[in-house]
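Notes follow the structure.
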Amino acid sequence: MSKELIVVLLVAPLVGFLINGLFGKWLKGKEKLSGWIGALAVFVSLVCSIIAFTNLNGGAAPLDETLYEWITGESFAFNIGFRVDALTAIMLLVITGVGFLIHVYSIGYMHGDEGYTRYFAYLNLFVFAMLILVLGNNYLMMFIGWEGVGLCSYLLIGFWYEKKSATDAGKKAFIVNRIGDFGFLLGMFTLFAAFGTLDFTSIFNAAEADNFQKVFGASTLVIATLLLFVGAIGKSAQIPLYVWLPDAMEGPTPVSALIHAATMVTAGVYMIARSAVLYNIAHTGEIVAWIGVLTAFFAATIALTQNDIKRILAYSTVSQLGYMFVGVGVGAYASGIFHLVTHAFFKGLMFLTAGSVMHAMANELDMRKMGGLKSKMPITHWTFLVGALAIAGFPFMSGFWSKDEILHSAWGSSPLIYGIGLVTAFLTAFYMFRLIFVTFYGESRVEPEVASHLHESPSVMWVPLAILAIPSALIGLLLGVGGHDSWFHHFTKNVFPIAHHEASGNVVVFMVISSIVGLAGIAFAWTRYSKRVPSDEPTGALHSLLANKYYVDEIYNALLVQPVKNGSHFLLWKLVDNGIIDGIVNGVAAIVRFIGGLLRRFQTGVVQAYILSMVLGIVIFLAYYLFFA
């Protein structure tokens, strides 16, 4: 594997961004060309990713290459370098594979949009930033990619900036992520103070040898890993910083599929898996697992009562990210990453099928106004069903294998975490098939003017759906058969340390329990929604609580947003801005005006006055010379 291959892999999306970004004005009349340029750029990266993966799978040594020294100081140096091992190769395939299909889908979905060229420029820039994040061989490069995807997320969520709801959602995502990123920065500072470097290999080797400066005593690694985890909580939308992701659905639907299902939100999971050595030594994984499982359950309960199809998928994403954190938290790093891979395919698929429904329904999102779409949109229906079966843990579908591995591993760490995870699996199956039955089955509730235009999406949109449906159904069989002894685990065994908690119990028993729970959730959804829509449900206090998302946004607004806003209004505006800053500026102006006013009295423009002044000056000078000198 050559570093030139990795450079091409990384730079290709950047080239696409530059072409669409710099020459977009001239491409406006040729919008498909702009879309295919963006898609081709990611396709080049996909080909390079496949080559890198094939080389590693064939026994090639991982690549850890420094390109050049970037920042140099008296006692430190930061490099631009790559690390390509099994974990990186898997992430590259997910980013470029799912990313390419979403780019192709977007060519049809964004047709006619005024910001078409700008959209593909942003999308290419996002892929470039995500590739930096996973390719970097040190925490500083990871952080650059981390901030890059945060910026692109802001740009893409608020893409339709004419809508206030979109710009508000973009700002919310940006601010909440900055809170998490502050923790990530403090974690990096702690690591640098302890190790004198941010290079992965150097830090991990020194940590295993217990050869580092204990700046916080025995708690140094505990503090560092928990601070890094704060960054992961923000980026991967876990409690309490999950609130930005559901609102992010204001962006175009392909953006939700790429950024908020398949790639960016999994950055936190990747970071913890990459830092597995530190988390194992610090024994902070249990905190990660508990935050994950509570987030998974919490988000799943909210999804039960939502009627906006994209928001259901958004809360589902938050919940599934919680499962990934359970996996890496209990030390089953390969299982957590395996679920990241399967989730990327089936959740990316479901977001794109939701976009297909919106495309046919004149951008309608309320499933209570749908129904009976199965016959009108057969490809969309069947592909959505594949994704729903996968996330519900239907036997032998992709999500069945990865979720079962996580639950099996959780049992060895904490039976309580396993129990909460199992209940969440039931809720997941229930709310996903609630969505399926209400949207695609039963009688049509579509408005007549919309119903007259119902149609299947064009081939440029449904072909990516059909392709994504294949791995959503089969990738578990290809990679996960054998559980903790599967090909996937063998491929990644040299990346992750041995877990503290080995999976215990009969694997078949756990698989049977997971299957029963998933099927029970599907059956329960069928009994309740095959002939009834959510609007017919009796409502109560609990339903209202869930429908209003536990009033978390309102609580945050009352306890945090408004006090900060009001405090800023007084301190920053009235005191600092008006009082100090404006006071200094206005004060300087007043002094200059006063001095100028005095000088103006001597500049009358009358020649006689100037002559008189000169004579008086001479007299005073002579008097001083004669009598005082």
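The values are calculated or read from the model by the stated rules, or taken from the named source; none is laboratory data. On a predicted model such as this, the values are computed, not experimentally measured, just so you know. Virtual Cβ from ideal backbone geometry, glycine too; neighbours counted across all protein chains shown. All accessible areas refer to the heavy atoms of the entire protein, side chains included, with ligands and DNA or RNA removed. Shrake-Rupley method; radii C 1.70, N 1.55, O 1.52, S 1.80 Å.
A few notes on this one:
- Single match in Val42, Val84 (criterion: touching a helix residue (DSSP H, G or I) at 6+ places or on another chain (Cβ under 8 Å) and either open to solvent by 60 Å² or more (accessible area, probe 1.4 Å) or at pLDDT 95 or above (or both)): Val42
- Residue-level analysis places Met461 outside the set of residues that are surrounded by 24 or more Cβ atoms within 10 Å (Cβ to Cβ), closer than 18 Å to Thr317 by Cβ and in contact (Cβ under 8 Å) with a residue 12 or more places away in the chain.
- Some residue of the range 233-244 being part of a helix (DSSP H, G or I) and either open to solvent by 10 Å² or more (accessible area, probe 1.4 Å) or polar (S, T, N, Q) (or both): yes
- Among the candidates Val512, Val517, the residue that is in a helix (DSSP H, G or I), open to solvent by less than 80 Å² (accessible area, probe 1.4 Å) and either touching a Gly at 6+ places or on another chain (Cβ under 8 Å) or over 30 Å from Ala392 (Cβ atoms) (or both) is uniquely Val517.
- Residue in the range 219-227 that is of a type in the set (S, T, N, Q) and under 22 Å from Lys549 (Cβ atoms) present: no
- Only a single criterion out of (1) open to solvent by less than 30 Å² (accessible area, probe 1.4 Å); (2) without any contact (Cβ under 8 Å) to a residue 60 or more places away in the chain; (3) more than 20 Å from the chain's Cα centre (by Cα); (4) under 16 Å from Met141 (Cα atoms) is not satisfied by Leu198, namely (2).
- Condition met for Ala60 (of a type in the set (Gly, Ala, Ser) and closer than 29 Å to Ala121 by Cβ): no
- So Phe351, is it farther than 23 Å from Phe524 by Cα and not β-branched (Val, Ile, Thr): yes
- Of all residues in the range 48-81, those being open to solvent by 60 Å² or more (accessible area, probe 1.4 Å), at negative phi and of a type outside the set (Asp, Glu) number 15.
- Test: residue in the range 209-220 that is in contact with a helix residue (DSSP H, G or I) (Cβ under 6 Å, 6 or more places away or on another chain) and either in a helix (DSSP H, G or I) or closer than 24 Å to Ile302 by Cα (or both): yes
- One residue alone among Ala206, Ala193 is open to solvent by less than 30 Å² (accessible area, probe 1.4 Å) and not basic (Lys, Arg), and that residue is Ala206.
- Residues of the range 362-413 classified as in contact (Cβ under 8 Å) with a residue 24 or more places away in the chain, out of contact with any His (no Cβ under 6 Å at 6 or more places or on another chain) and not in a helix (DSSP H, G or I), total: 16
One line per residue, one yes/no per condition, for (1) among the basic types (Lys, Arg); (2) farther than 19 Å from Phe394 by Cα; (3) at pLDDT 95 or above; (4) open to solvent by 10 Å² or more (accessible area, probe 1.4 Å):
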site	(1), (2), (3), (4)
Ile281	no, yes, no, yes
Leu294	no, yes, yes, yes
Asn307	no, yes, no, yes
His343	no, no, no, no
Phe346	no, no, no, no
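- Residue tally, condition surrounded by 14 or more Cβ atoms within 10 Å (Cβ to Cβ) and either in contact (Cβ under 8 Å) with a residue 60 or more places away in the chain or outside any helix (DSSP H, G or I) (or both), over the range 164-183: 10
- Subset of the range 539-557 [among the small types (Gly, Ala, Ser) and open to solvent by 60 Å² or more (accessible area, probe 1.4 Å)]: Ala541
- Contacts under 6 angstrom Cβ, first residue in the range 328-354 being within 24 Å of Phe491 (Cα to Cα), partner among the acidic types (Asp, Glu) and surrounded by 24 or more Cβ atoms within 10 Å (Cβ to Cβ), 6 or more apart: Ser335/Glu405
- Residues of the range 452-482 satisfying the condition of being assigned to a helix (DSSP H, G or I) and either farther than 28 Å from Trp382 by Cα or among the aromatic types (Phe, Trp, Tyr) (or both): Trp462
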